[in-house]
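Notes for the one structure printed next.
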């Protein structure tokens, strides 16, 4: 069976408040099969002074040989410091999901932008030490999977990042960096051969259109043959938010609407999958950052196998103090911004729920029940309890937001388990159509039927 995985994202070190608290509640994912994505840039001590969050804790990370030993001690410290909701009964951590680490290459490129602009021909020399340190970190802390280091752009900005002139100049020339990226992958494979790492390496694939993506993928295969060493999987990167895609340039699609943008990504996935499978292997094909849950049925049907997406975290964290006051007083207040609860499609038995709207992030104040979800969060914390926590003290409020987030992660888990079963059936097309036909949300149903037909009509 081709296994499917979703990675929840946590940027410990890159944010405070509920970002820091997530590890204290990670065992609420026990049994989900959901994995964890962390960010090297925010964890590595060489960068820690630039992040500004949990610097005291991170300064001790280098003394640990197991990342989860570090997590366990963070939990203990937060409990002793009162940084855990009193409504949460803590037991010894039992859930230690496999870890995928992202290099944080967008931040590293931003920090190096001035040097790179002046020393463009020396990029390979500049990154040699960075790459070696990155993979040494993965080995030291027993990381399972690592996204290979590359020259990647950021798609969201903090503070005055967008005003950074050197980084803006790099953004304008990024297409010239494709060959430089191949140089970095060449360094990575060389390091892989030399050290025979225990962790697996996933290679990101970039491009400006379908042909350039595929040419990049084929160039990676050539590098593998040169080193007689293969990466352990591929990841489609650089598509950022689907709404950003210039469809006509990307795939020659007929229009600029969102549906055709999703179809464009499906075309890329299907063609990439065909090339990978033609090599006689079933290596993973990951979607980097752009795996909104509404798109997963189509992406999986096209051939993708693993996903990460920061949207569930962002939507659960949207709530501001005004919304907390509004909910507590049970009255609308101008300026309220709400944490958002993902309307479920499936229950734990993988049965389709009768909700006439699904996979929409709904403002917490508009939700009166868990709408049939029986994930570990919803069984323990009915929506009324989540609202009570949301209105509580600081730690309870953080906890409520994390509960909303983990509920969404469970919905990813249910969908991937459902799709695992479907795609292994002899007639997977009929099985996925039968599944989609059961969905009460007509718009969501119609979109997925359109995409299934679109994918089937694509030339591989």
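Outside any helix (DSSP H, G or I), in the same structural domain as residue 44 (by TED's automatic domain parsing), at pLDDT 80 or above and closer than 19 Å to residue 44 by Cβ: which single residue out of 135, 198 fits that description? Explain how you work it out, then say what you get.
Working: 135 fails: outside any helix (DSSP H, G or I).
Answer to the check: 198.
Keeping to the range 11-42, report how many residues are in contact with a strand residue (DSSP E or B) (Cβ under 9 Å, 6 or more places away or on another chain), within 18 Å of residue 137 (Cα to Cα) and in contact (Cβ under 8 Å) with a residue 40 or more places away in the chain.
Qualifying residue count, the range 11-42: 8.
Taking the criterion of being surrounded by 15 or more Cβ atoms within 10 Å (Cβ to Cβ), under 26 Å from the mean Cα position of the chain (by Cα) and in the same structural domain as residue 308 (by TED's automatic domain parsing), would at least one residue in the range 114-126 satisfy it?
No.
Quick one: residue 137 ticks every box in (1) under 25 Å from the mean Cα position of the chain (by Cα); (2) farther than 20 Å from residue 63 by Cα except a single one, so which number is it?
(2)
Restrict the check to the range 399-415 and report whether at least one residue is at pLDDT below 95 and over 22 Å from residue 352 (Cβ atoms). Explain how you work it out, then say what you get.
Quick first cut of the range 399-415, residues at pLDDT below 95 only: none.
Among the residues of the range 399-415, not one is at pLDDT below 95 and over 22 Å from residue 352 (Cβ atoms), which makes the answer no.
Among (1) farther than 27 Å from residue 438 by Cβ; (2) free of Cβ contacts under 8 Å to residues at least 24 places away in the same chain, which single condition is residue 276 missing?
Evaluating residue 276 over (1) farther than 27 Å from residue 438 by Cβ; (2) free of Cβ contacts under 8 Å to residues at least 24 places away in the same chain leaves (2) as the failure.
Out of all the residues in the range 4-48, which are in a loop (DSSP other than H, G, I, E, B), under 17 Å from the mean Cα position of the chain (by Cα) and surrounded by fewer than 21 Cβ atoms within 10 Å (Cβ to Cβ)?
15, 33
If residue 234 satisfies all but one of (1) within 27 Å of residue 264 (Cβ to Cβ); (2) in a helix (DSSP H, G or I); (3) at pLDDT 85 or above, what's the number of the condition it fails?
That leaves (2) as the condition not met.
Restricting to the range 78-108, name every residue that is surrounded by 15 or more Cβ atoms within 10 Å (Cβ to Cβ), over 20 Å from the mean Cα position of the chain (by Cα) and within 30 Å of residue 198 (Cβ to Cβ).
The answer is 78, 93.
Does the range 419-435 include one or more residues that are farther than 28 Å from residue 22 by Cα, in contact with a strand residue (DSSP E or B) (Cβ under 9 Å, 6 or more places away or on another chain) and modelled with pLDDT of 95 or more?
Among the residues of the range 419-435, at least one is farther than 28 Å from residue 22 by Cα, in contact with a strand residue (DSSP E or B) (Cβ under 9 Å, 6 or more places away or on another chain) and modelled with pLDDT of 95 or more, which makes the answer yes.
In the range 181-201, what residues are in contact with a strand residue (DSSP E or B) (Cβ under 8 Å, 6 or more places away or on another chain) and over 16 Å from residue 137 (Cα atoms)?
Residue satisfying the conditions is 185 alone.
Pairs needed: first member in the range 230-248, farther than 19 Å from residue 283 by Cβ and assigned by TED's automatic domain parsing to the domain that holds residue 306; second member anywhere, modelled with pLDDT under 50 and assigned to a loop (DSSP other than H, G, I, E, B); C-beta distance under 6 Å; at least 6 residues apart or different chains.
Final answer for the pair search is 247/253.
What number of residues within the range 413-449 are surrounded by 16 or more Cβ atoms within 10 Å (Cβ to Cβ), out of contact with any helix residue (DSSP H, G or I) (no Cβ under 8 Å at 6 or more places or on another chain) and part of a loop (DSSP other than H, G, I, E, B)?
Residues flagged as surrounded by 16 or more Cβ atoms within 10 Å (Cβ to Cβ), out of contact with any helix residue (DSSP H, G or I) (no Cβ under 8 Å at 6 or more places or on another chain) and part of a loop (DSSP other than H, G, I, E, B) within the range 413-449 amount to 1.
The values are calculated or read from the model by the stated rules, or taken from the named source; none is laboratory data. Please read these numbers as outputs of a predicted model, since none were measured by experiment. All Cβ positions, glycine included, derive from the backbone under ideal geometry; neighbour counts span all protein chains shown.
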